[in-house]
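Colleague: Just passing along the structure, written as structure tokens.
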Amino acid sequence: MDIVVVRGGGDIASGIIYRLYKAGFKVVVLEIGKPLTIRRTVAFSEAVYEKEVNIEGVKGILAEDVDDIWRILDEGAVPVYIDSKGEILKELEPIALVDAILAKVNLGTHRGMAPITIGIGPGFEAGVDVDLVVESKRGHNLGKVIYEGKAAENTGIPGSTLGFREERVIRAPGEGIVNPLCEIGDKVEKGDVVCTVGEEKVLARISGILRGMLKEGLYAKEGLKIGDIDPRGEVENAFTISDKARAVGGGVLEGILYLIKERGIGYGR
């Protein structure tokens, strides 16, 4: 069967999932028990908490077991299954595995997991631990398929939006439980209190639209990214897949189709 398994269901992973689904692949998402996704309105990982999500018309449903996965696939939706180690792979026998966890390091993905393996961003080397790598860093090479070598190293510096970089990122000032005081999609002004972490108030450093916020009740360590403000002020940006996610998704689709052709891999029912 033409199944692609994607490790991770965050916003970048969800751009990949969306593109593969629209191209006709059956996609299964593997997640952890408590995802720390920021852009929750455009992330299939949110199904872990909400049981069901809809990302631009594509439905994601939390699956309880392998039978549930097959049922959800037959319904034409995307199963989201809690499996941090990929133990379900032997039962699914996917044509491809995409590691879109974006941990900046490889958390166990290797070429023996599927006929085609692709890693997103830093932490992978094409031809060594995965077949191909797709560049995730904003800039000229965003979404480029790397057939030999690695993606650009992680700088720790967010990409620029209207000249803002680190200022648009909301980070936990200390350890504690996150309590959002604004909803994703709300307009915020510089200096507004957008959430608390433990007893500490967290202020917006720029004005714009709150594009992402960690789910209420989750525990954050000091320095963890817990929110994102979009200075462009366009509300719809908070509820649609980003240009970056679509570009990376296009690279993954290119890589899978290239290796299917190059290796003569048959797929489809």
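The values are calculated or read from the model by the stated rules, or taken from the named source; none is laboratory data. For clarity, every value in this text was computed on a predicted model and none was experimentally measured. Glycine also receives a Cβ, built like all others from the backbone with ideal geometry; neighbour counts cover every protein chain displayed.
Colleague: Which of the numbered conditions does Gly217 fail, given that it passes all the others? Conditions: (1) under 27 Å from Leu97 (Cβ atoms); (2) not in a strand (DSSP E or B).
Modeller: (1)
Colleague: Take the residues of the stretch 189-224 that are small (Gly, Ala, Ser) and without any contact (Cβ under 8 Å) to a residue 40 or more places away in the chain: which is farthest from Glu236 (Cα to Cα)?
Modeller: Filtering the stretch 189-224 for residues that are small (Gly, Ala, Ser) and without any contact (Cβ under 8 Å) to a residue 40 or more places away in the chain, the one farthest from Glu236 (Cα to Cα) comes out as Gly198.
Colleague: Hey, another quick one. Determine whether Val128 is under 30 Å from Glu64 (Cβ atoms) and either aliphatic (A, V, I, L, M) or touching a residue at least 60 places away in the same chain (Cβ under 8 Å) (or both).
Modeller: It is false that Val128 is under 30 Å from Glu64 (Cβ atoms) and either aliphatic (A, V, I, L, M) or touching a residue at least 60 places away in the same chain (Cβ under 8 Å) (or both).
Colleague: Given (1) within 23 Å of Met213 (Cα to Cα); (2) in a loop (DSSP other than H, G, I, E, B), where does Val128 come up short, assuming only one miss?
Modeller: Val128 satisfies every listed condition except (1).
Colleague: Which residues, taken from the stretch 58-114, are of a type in the set (Asp, Glu) and farther than 17 Å from Lys22 by Cα?
Modeller: Glu64, Asp65, Asp67, Asp68, Asp83, Glu87, Glu91, Glu93, Asp99
Colleague: Regarding Gly212, is this residue touching a Ser or Thr at 6+ places or on another chain (Cβ under 9 Å), at pLDDT 95 or above and assigned by TED's automatic domain parsing to the domain that holds Ile118?
Modeller: In short, no.
Colleague: Is it fair to say Val53 is touching a strand residue (DSSP E or B) at 6+ places or on another chain (Cβ under 8 Å), surrounded by 21 or more Cβ atoms within 10 Å (Cβ to Cβ), of a type in the set (Val, Ile, Thr) and more than 26 Å from Lys261 (Cα to Cα)?
Modeller: yes
Colleague: Have a look at Ile82, Ile61 and point out the one that is in the same structural domain as Pro115 (by TED's automatic domain parsing), aliphatic (A, V, I, L, M), touching a residue at least 40 places away in the same chain (Cβ under 8 Å) and closer than 19 Å to Asp11 by Cβ.
Modeller: Ile82
Colleague: In the stretch 64-79, what residues are under 26 Å from Asn237 (Cβ atoms) and in contact (Cβ under 8 Å) with a residue 60 or more places away in the chain?
Modeller: Of everything in the stretch 64-79, just one residue is under 26 Å from Asn237 (Cβ atoms) and in contact (Cβ under 8 Å) with a residue 60 or more places away in the chain, namely Val78.
Colleague: Which condition from (1) in contact with a Lys or Arg (Cβ under 6 Å, 6 or more places away or on another chain); (2) surrounded by 20 or more Cβ atoms within 10 Å (Cβ to Cβ); (3) not aliphatic (A, V, I, L, M) is the one that Glu175 breaks?
Modeller: Glu175 satisfies every listed condition except (2).
Colleague: Between Val202, Val130, Val193, which is in the same structural domain as Arg7 (by TED's automatic domain parsing), farther than 21 Å from Phe44 by Cα and touching a strand residue (DSSP E or B) at 6+ places or on another chain (Cβ under 7 Å)?
Modeller: On the way: Val202 fails: in the same structural domain as Arg7 (by TED's automatic domain parsing); Val193 fails: in the same structural domain as Arg7 (by TED's automatic domain parsing).
Answer to the check: Val130.
Colleague: Can I ask one more? Does at least one position in the stretch 2-14 carry a residue that is farther than 19 Å from Gly251 by Cβ and surrounded by 22 or more Cβ atoms within 10 Å (Cβ to Cβ)?
Modeller: Checking the stretch 2-14: not a single residue is farther than 19 Å from Gly251 by Cβ and surrounded by 22 or more Cβ atoms within 10 Å (Cβ to Cβ).
Conditions tested, residue by residue: (1) assigned to a loop (DSSP other than H, G, I, E, B); (2) in contact (Cβ under 8 Å) with a residue 24 or more places away in the chain; (3) under 17 Å from Gly233 (Cβ atoms).
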| position | (1), (2), (3) |
| --- | --- |
| Thr117 | no, no, no |
| Lys137 | yes, no, no |
| Ile170 | no, yes, yes |
| Glu183 | yes, yes, yes |
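Colleague: Mind listing just one residue for me: the one in the stretch 229-265 that is under 15 Å from the mean Cα position of the chain (by Cα) and not in a helix (DSSP H, G or I) and, of those, surrounded by the most Cβ atoms within 10 Å (Cβ to Cβ)?
Modeller: Ile241
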